[in-house]
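Visitor: Below: one structure in structure tokens.
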Amino acid sequence: MKQTYFSSFGSFFTGRGRSIIFTSLFYSLWLVISIVSSADLNLHSFSGRMIGIATMNNVDVEARVALFYKCIAVFFGAFLVFTFLGYIISRKKETLLSCTENRLINYASVTGIFIFIFKVFNVEVYETLEFIYFFHKLMLVSITIRILIYKENKLSVYQLSTILLWAAASYFLIADLNNFLGNLNNPDLYITTFIIALLLFVVVNLFLRNSKRPNPQAHFRIIIFAFLPLLALPFMSVLKDELFLVLKSNGIVLADQKFIYLGLLLILSLLIIYRYKKGKKNEIISEKDLLAKNYFPLFIFSLFAYLSYSYYAEYYDEIFESGNVYLPIMEYKLFGTLSPVEKLNTHLLSDYFFSYIYVFFNGLKINEITLYDFFLLPISCTLFYFLFRFLTRNEFVAIFLVLFFPYAEVLMPEGFCFSILGIFALFKVIGAKQSVKNYLIYFSVLLFLICWRIDLGYNCLLTMLFLLLYYHFRDQQQKINWRVLFKSIVYSFGFIVTILTTLSVVRQKNLFSNLGSFLNYCASAQSYGYHSIGDNTTTVFKAQYFIFPAIVAILMIIMVIKYKELNKSKSQRQAYLSLLFICIFYFVNFNRGLIRHSLLEGSDGFVASFIYIILPASVFVLFRKENNLVKSAMFFVIAFVTINTYRLPEPKGMKSFFERLEEKTKNTQNIMLSTISSRVSNAPDTITQRYKPFSDFIKKNTKPDETFIDFSNRPMLYFFTKKETPSWFYQSPLCVQNDFLQEKFINGLKDYKTPYLLFSGLSEVGYDNIDDVPNSVRHYKMAEYFYNNYKPFIIVNNFCLWRSNATKDINKKDTIFTYFKITDSIANEKTIKTGLKIKPDKVYTVMITSQNKMNYELSLMNNGNTTFPQIKSINENSVYSILDVKENFYDLTLKNDWQQITEFLVIESDHIPDYFSHRTLFYNFEKLPYVWGANDKLLSDQKILFEKNEIVLLEANKAYSLSIPEKMDRSSGNTIIITCKNTGKGQKAKLLFGNTSNKNPTTIQFDIIPSDKQEKYAIRISSIYKWYSENVNRLSIITDSNKDLTISNITITKGN
């Protein structure tokens, strides 16, 4: 008898017991983790007085050993006890273990086991575990209710999932009603959802038991179809608030959101009624498809809209990238400019699409404009849900990855989400009927992707084209219908040409003329690329740039070889195509990690793209016959290991989106929206004042049809001044990156009136020197044009503003104190003093010149209070200082202990004169002269203005100097070409130029490469302002190496 009982338990363990095996494992692990978490490893006895390092740190070694074996015993003991309980239950009521609810408990336990593993690695998963406990309890209640009401197992996995989604969505209805009742805090997510689900279980079971209809299950499917809009309740919670705020921004202030919410509920109810009637008349897809294709996507979008929505936008003080967002919208509203066909922002529609929607409803408001960017997260997560579903062929795995996987944001790179639309487009022409309609959808998606973001569109264009051709040659049933394809291309191309032609006629602009600029802009890798892509000694570098590409290449080869085996069903074909798409996209997009957005920036976002999906998802495609649980386990392990090991930056502190959702529902306090005065958080009080001086000057001193030129990469100043950008690019000059675009920019200036030029800020770094390349060097043709047509004018708002040669100098200046060493009677005194009587609306600057470089001690005194104005250098012998004066009178003192001061001027003016642009600079051109001299094919065509043929062997740190004519044609720039040979190692050389009367020449340092032949080094000398502002008549060359460098020729040419 005992043997029979034991044998029965053994057969249960290998048979029906599998339905609770993961539940037993989960709770056994739970017990072990609880024991470890509460373990006390401190010493509580001192028997034998054994002293060691553990004793000295109060650690009980024996307790640690005992804990380990205790955990093993508890784990196996608990597992056997839980399994045995399942066996007892199966003997009493066999159907309980095979019921839907128990299967769901078992599947959820698998997830829980992985969550426990994540917890070991200090991943924050507390709320996810709470959800699993909550789900287990809910399923147990469902079993109880069904036993009491309806004896048979009538609810499927998909029906139970639908009921749970209804309950989760209804929580937000309860939360909103709770808000309207005046409660500040939201109700508890778990308790509320549990009660709603409990009621729904009762109602559904009673309905199925008491329904008079011949087929209650079919009618329940109609109800499921009808109640799909219920899942929009989380989004409605957001929508009611946003509609209230939109009305408020337009001057319509309601008492609260009640009437708006009632209106939305009415619309939702009407939709449910409409769908119910439609469901009764039409055939409905299966409950599985309803859940996978409708319920889960809508729930994800709605839930993530709630999660990402905020009443406030973060204050963002940035004036370069923001220009891509603000300027297209501002110029459309003020000047009617249509971006991106008339002017180009860097990332096209992705920069301002959601912002424009906000502006349409709320108006153009600084910082608030980005509030609707929250839409991107729900759209992204919904699209990635579909990608996960295609790859795994399992909607439950897909929604788990989106909602509960702690590294979901790594798996779902937001910037690439719209590329998934390319997969949908390919489904229309691969594995489906090739019709003009389907190809038009294909090309429409492609056009949208290009307009959304050019780099994304380019990647998708190549990927989608490759896949079309691949299937054409690989599968006889997927041959391209060339006639239909050509017809679709004609329609699509004709549509684009018609739109552009119509706009050209209406706008009276030739929009096709910008095509050359667009193509030149796209071919800009050399201008923006970094010299390095990261530290090649790190494991992450080797993995990202070598190992991962090799793995993906091998994976693609396997997929090509096993094509027929992996494409036997529709779902397999979708999984195969989806994986192949992201593999090809990964390689096409890889160029971004080789150009600029590499590991050097501290992130693998662009080089990795879909890699963290490709590697784990490949198990679902390649091992199609394996059990889903096994494949899911492999997916989680591979994803977890690769992300934790190779992701840059490390995924520390990441949470699942569910963790964030529960946190938001728990911590969010309801507020009266009518009390919100500004929707910008953390904004300083001076948010509207920071650029006011510059804005005020431009508005006061320019006519409505005039604007200014920004050469400092601060495009947001056009927004603050409400002036039009005089360029096809909003991010000028950075995007104007080659000769063609610079010449196009210069020629385009004739269409604008530009009396002023914002040349630079008061800094030699940042926007004026991006990637350590000065703007005047990167955009040398523009700089030369400015040097010929503009001159330094004033400093306003810490910006150097130049005026055109035709613009009147409105800065009235008066020198109110003058000191010269030679003629002044106090020349021998050690202190120079003067009194300053301050006039309102005037600014005061000091100019100081000395015989030699020195430290200047300048002080201002008023009523016993002394301040020391900041000294700024013009060159080694000249400095200036801007005096901060607010009182009526000051004593100004300059120490002259060594009688080195030769000139001391105090200047009173309306604006601060621009001394900064006159400073003498040191430039490091590195290898640019060699690259220019060795590779520029146009160099030999330049007209020679000066030439010196003389063989000179340079000694270390001894200058070789020569005189050059002061008067030289500088209208189109000049190039200095040095022909020399370096027989030694690589060395640094310096080219100095200036006037013989000036002790402070401008210095250009550059690299000389070792070579056994004569090499040319070309320096575009006219990219430096001093070449124009001084009467340059002398050049000098210095090297740090002794008798290795031989110069044979120096030529100055007229630039081209």
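The values are calculated or read from the model by the stated rules, or taken from the named source; none is laboratory data. None of these values were measured; they are calculated from a predicted model. Using ideal geometry, Cβ is built from the backbone for each residue, glycine included, and neighbour counts are taken over all protein chains shown.
Visitor: Right, G529: on the phi > 0 side of the Ramachandran plot and surrounded by 11 or more Cβ atoms within 10 Å (Cβ to Cβ) or not?
Guide: no
Visitor: Oh, and also: On the given criteria, is G973 over 22 Å from K853 (Cα atoms), in contact with a Phe, Trp or Tyr (Cβ under 6 Å, 6 or more places away or on another chain) and at pLDDT 90 or above?
Guide: So G973 fails the test.
Visitor: Taking the stated definitions as given, is I454 β-branched (V, I, T), touching a Cys at 6+ places or on another chain (Cβ under 8 Å) and at pLDDT below 95?
Guide: yes
Visitor: Give the residues of the stretch 946-960 that are surrounded by fewer than 12 Cβ atoms within 10 Å (Cβ to Cβ) and under 18 Å from I976 (Cα atoms), sorted by residue number.
Guide: The answer is E947, N949, E950, I951.
Visitor: Turning to a different aspect of this structure: Need a quick list: helices (runs of 4 or more DSSP H) entirely within the stretch 16-121 having at least 1 residues that are touching an Asp or Glu at 6+ places or on another chain (Cβ under 8 Å).
Guide: Result: 53-56, 61-92.
Conditions tested, residue by residue: (1) acidic (D, E); (2) touching a Leu at 6+ places or on another chain (Cβ under 6 Å); (3) closer than 19 Å to V120 by Cβ; (4) surrounded by 11 or more Cβ atoms within 10 Å (Cβ to Cβ).
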| position | (1), (2), (3), (4) |
| --- | --- |
| V32 | no, no, yes, yes |
| L41 | no, no, yes, yes |
| F46 | no, no, no, no |
| V61 | no, no, no, yes |
| F84 | no, no, no, yes |
| K92 | no, no, no, no |
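Visitor: Quick check on my filter: what residues within the stretch 336-358 are part of a helix (DSSP H, G or I) and not hydrophobic (A, V, I, L, M, F, W, C)?
Guide: S350, D351, Y352, S355, Y356, Y358
Visitor: Identify, by number, the condition in (1) surrounded by 15 or more Cβ atoms within 10 Å (Cβ to Cβ); (2) hydroxyl-bearing (S, T, Y); (3) in a helix (DSSP H, G or I) that S940 doesn't meet.
Guide: (1)
Visitor: Look at the stretch 254-304 and say how many of its residues are farther than 27 Å from F404 by Cβ, of a type in the set (F, W, Y) and in contact (Cβ under 8 Å) with a residue 24 or more places away in the chain.
Guide: 2
Visitor: When the residues of the stretch 11-47 are narrowed to those that are charged (D, E, K, R) and closer than 27 Å to F135 by Cβ, which ends up modelled with the lowest pLDDT?
Guide: Per the stated criteria, the residue is R16.
Visitor: Yes or no: S302 outside any loop (DSSP other than H, G, I, E, B) and crowded, with 19+ Cβ neighbours inside 10 Å? Working first, answer last.
Guide: Numbers: outside any loop (DSSP other than H, G, I, E, B): yes; crowded, with 19+ Cβ neighbours inside 10 Å: yes.
Considered against the rule, which asks whether it is outside any loop (DSSP other than H, G, I, E, B) and crowded, with 19+ Cβ neighbours inside 10 Å, S302 comes out as yes.
Visitor: Sticking with this one: For Y915, state whether it is farther than 29 Å from T1053 by Cα and without any contact (Cβ under 8 Å) to a residue 60 or more places away in the chain.
Guide: no
Visitor: Tally the residues that are in a strand (DSSP E or B) and either among the polar types (S, T, N, Q) or not assigned by TED's automatic domain parsing to the domain that holds I1024 (or both), restricting the search to the stretch 943-958.
Guide: 1
Visitor: Please go through the stretch 980-1010 and pick out each residue that is under 43 Å from the mean Cα position of the chain (by Cα) and either within 15 Å of L1035 (Cβ to Cβ) or aromatic (F, W, Y) (or both).
Guide: A989, K990, L991, L992, T1002, T1003, I1004, Q1005, F1006
Visitor: List pairs: first residue in the stretch 661-685 and of a type in the set (K, R), second residue outside any strand (DSSP E or B) anywhere in the structure, Cβ distance under 6 angstrom, at least six positions apart or on different chains.
Guide: If the second residue must be outside any strand (DSSP E or B), the pairs left are R679/Y312; R679/E368.
Visitor: With outside any helix (DSSP H, G or I) and either aliphatic (A, V, I, L, M) or in contact with a strand residue (DSSP E or B) (Cβ under 7 Å, 6 or more places away or on another chain) (or both) as the only criterion, which of I366, I379 stands out?
Guide: I366
Visitor: Among strands (runs of 3 or more DSSP E) lying entirely in the stretch 793-899, which contain 1 or more residues that are without any contact (Cβ under 8 Å) to a residue 12 or more places away in the chain?
Guide: Details: elements: 799-804, 813-820, 831-837, 843-850, 858-862, 865-867, 878-883, 889-895.
Result: 865-867.
Visitor: Listed residues R453, R483, R474; which is among the basic types (K, R) and free of Cβ contacts under 8 Å to residues at least 60 places away in the same chain?
Guide: Every option except R483 fails the conditions.
Visitor: Next question. Scan the stretch 520-540 for residues that are assigned to a helix (DSSP H, G or I) and in contact with a Phe, Trp or Tyr (Cβ under 9 Å, 6 or more places away or on another chain) and report the count. Walk me through it before giving the result.
Guide: Keep residues of the stretch 520-540 that are assigned to a helix (DSSP H, G or I), which gives 520-522, 525-528, 539-540.
Now restrict to residues that are in contact with a Phe, Trp or Tyr (Cβ under 9 Å, 6 or more places away or on another chain): 520-522, 539-540.
Qualifying residue count, the stretch 520-540: 5.
Visitor: Of all residues in the stretch 198-219 being closer than 16 Å to V157 by Cα, out of contact with any Ser or Thr (no Cβ under 8 Å at 6 or more places or on another chain) and surrounded by 13 or more Cβ atoms within 10 Å (Cβ to Cβ), which is modelled with the highest pLDDT?
Guide: Let us first name the residues in the stretch 198-219 that are closer than 16 Å to V157 by Cα, namely 200-201, 204-205, 208, 217-218.
From the residues that got through so far, the ones that are out of contact with any Ser or Thr (no Cβ under 8 Å at 6 or more places or on another chain) too are 200, 204-205, 208, 217-218.
Filter once more, keeping what is surrounded by 13 or more Cβ atoms within 10 Å (Cβ to Cβ): 200, 204-205, 208, 217.
On the way: L200: 92, V204: 87, N205: 83, L208: 81, Q217: 87.
If we take residues in the stretch 198-219 being closer than 16 Å to V157 by Cα, out of contact with any Ser or Thr (no Cβ under 8 Å at 6 or more places or on another chain) and surrounded by 13 or more Cβ atoms within 10 Å (Cβ to Cβ), then L200 is modelled with the highest pLDDT.
Visitor: Residues to consider are N294, N250; find the one that is surrounded by fewer than 18 Cβ atoms within 10 Å (Cβ to Cβ), closer than 26 Å to V157 by Cβ and not basic (K, R). Even if it seems obvious, please write down each step before you answer.
Guide: Values: N250 fails: closer than 26 Å to V157 by Cβ.
Criteria check complete, one pass: N294.
Visitor: Here's another thing I want to ask about it. Pick out the one residue from I132, I174 that is within 38 Å of the chain's Cα centre (by Cα) and either over 30 Å from K258 (Cα atoms) or part of a loop (DSSP other than H, G, I, E, B) (or both). Before the answer, list the steps.
Guide: On the way: I174 fails: either over 30 Å from K258 (Cα atoms) or part of a loop (DSSP other than H, G, I, E, B) (or both).
From the options I132, I174, the qualifying one is I132.
Visitor: Also: Given the conditions (1) more than 21 Å from F304 (Cβ to Cβ); (2) in a helix (DSSP H, G or I); (3) modelled with pLDDT under 95, report the number of the one that G431 does not fulfil.
Guide: Failing condition for G431: (2).
Visitor: When you go through I1037, I978 one by one, which is the residue that is in a strand (DSSP E or B) and touching a helix residue (DSSP H, G or I) at 6+ places or on another chain (Cβ under 8 Å)?
Guide: I978
Visitor: So which residues in the stretch 19-70 are polar (S, T, N, Q) and in contact (Cβ under 8 Å) with a residue 12 or more places away in the chain, if there are any at all?
Guide: Matches in the stretch 19-70: S19, T23, S24, S28, N42, T55, N58.
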